[in-house]
Amino acid sequence: VRCVQFLYVGLENGVLMRMSFNPETGEISQEFRTRSLGSNPVKLVRVKVQGKDALLALSSRSWLAYHHQGKQCLDPLSYDMLDFAWNFSSQQCPEGFVCISQGSLRILSLERVGEIFSQSTAKLAHTPRQCAPIKG
């Protein structure tokens, strides 16, 4: 069994880099992935989600990196920009985050991890009557 872990690096230009490495040998893969998270420098916060280690990447938009069903996932959070975050647990919120956003303290809890986090609704000026595929 090959054991691989991931090393995340948040850059000043808002880019998140992910590299894999072997924890037994310390060998870092020459291949890496990058994702632009926003315009602000990336802050990384180690958190727990569903009892497993995860990572919050904070920039002008917040992202959650976690392991789900055998693959590594990086999903955006549909929420205001977070300045800081840390693990939080109480009777009312057994697993969540305490965050600072727009100068106020907030407590967040993630539900349905692994499903799509972000959803947006667009109001239509008219009700569509028919859909037509456009070949391009």
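The values are calculated or read from the model by the stated rules, or taken from the named source; none is laboratory data. Just so it is clear, the structure is predicted and the values come from calculations on it, not from any experiment. Neighbour counts are summed over all protein chains in view; Cβ atoms, including those assigned to glycine, are modelled from backbone coordinates with ideal geometry. What goes into the accessible areas is simple: the full protein's heavy atoms, side chains included, and nothing from ligands, DNA or RNA. Shrake-Rupley method; radii C 1.70, N 1.55, O 1.52, S 1.80 Å.
Worth pointing out:
- Figure legend. Inter-residue proximity from region 12-23: first residues within 17 Å of Ala54 (Cα to Cα), second residues open to solvent by less than 40 Å² (accessible area, probe 1.4 Å) and at pLDDT 90 or above, beta-carbon distance below 7 Å, spacing 6+ or different chains. Indicated pairs: Leu16/Gly10; Leu16/Leu37; Leu16/Val42; Leu16/Ala57.
- Pairs linking a residue in region 41-63 that is more than 21 Å from Ser89 (Cβ to Cβ) to a residue that is in a loop (DSSP other than H, G, I, E, B) and hydroxyl-bearing (Ser, Thr, Tyr), with Cβ atoms under 8 Å and 6 or more positions apart or on different chains, are Pro41/Ser59; Val42/Ser59; Lys43/Ser59; Ser59/Ser39; Ser60/Ser39.
- The strands (runs of 3 or more DSSP E) located wholly in region 19-136 that include 3 or more residues which are open to solvent by less than 40 Å² (accessible area, probe 1.4 Å) and in contact with a Pro (Cβ under 9 Å, 6 or more places away or on another chain) occupy 62-68.
- Checking each residue in region 50-80 for being over 11 Å from the mean Cα position of the chain (by Cα) and at pLDDT 90 or above picks out only Ser60.
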